[in-house]
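Here's the structure we're looking at; comments come further down.
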Amino acid sequence: MDNKNKPVKFKLRVDIQCGVCGSLSHHQSETFPKFCPCCGGAMERFCLKCHKKADMYFDEWWPEDDECLRTYSPAKRCPGCNAMLESEGNNQSSRDDRYQN
């Protein structure tokens, strides 16, 4: 009879996906790592236009009713000014310069 007031218990698993190499790492601690353990790419992104830190976003998947898998990824756009946030691995402008006339 007191089931409505009980908090729902579920298991939360957290993965972090690198924005440079795309590798997934399982996360255990409270703070996110600053660099990818696989390629060394930066996990934190900063906007060069408005100079704000862009927080990571997440997708949730519920494989079971009592289990949640949350995958965090670095932001691709600035939430303040909507500018594109480039990572050092995806910098196409330096590769395309030789084809410009």
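The values are calculated or read from the model by the stated rules, or taken from the named source; none is laboratory data. Computed from a predicted model, the values in this text were never measured in an experiment. A quick note on method: Cβ atoms are made from the backbone with ideal geometry, for glycine too, and the neighbour counts reach across all protein chains shown.
Out of 12, 24, 69, report the one residue that is among the hydrophobic types (A, V, I, L, M, F, W, C) and loosely packed, with under 11 Cβ neighbours inside 10 Å.
12 is the lone residue from the list that is among the hydrophobic types (A, V, I, L, M, F, W, C) and loosely packed, with under 11 Cβ neighbours inside 10 Å.
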Determine if the range 83-98 includes at least one residue that is in a helix (DSSP H, G or I), out of contact with any Lys or Arg (no Cβ under 7 Å at 6 or more places or on another chain), hydroxyl-bearing (Ser, Thr, Tyr) and modelled with pLDDT under 90.
yes
Pairing a residue in the range 55-81 that is among the polar types (S, T, N, Q) with any residue that is loosely packed, with under 14 Cβ neighbours inside 10 Å, where Cβ atoms lie under 6 Å and the two sit 6 or more apart in sequence or on different chains, gives 71/59
Residues of the range 1-30 being touching a strand residue (DSSP E or B) at 6+ places or on another chain (Cβ under 7 Å) and among the acidic types (Asp, Glu), in sequence order, are 15
Go through the range 1-50 and give me each residue that's β-branched (Val, Ile, Thr) and over 15 Å from residue 75 (Cβ atoms).
8, 14, 31
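Within the range 27-58, how many residues turn out to be acidic (Asp, Glu) and either part of a strand (DSSP E or B) or surrounded by 13 or more Cβ atoms within 10 Å (Cβ to Cβ) (or both)?
2
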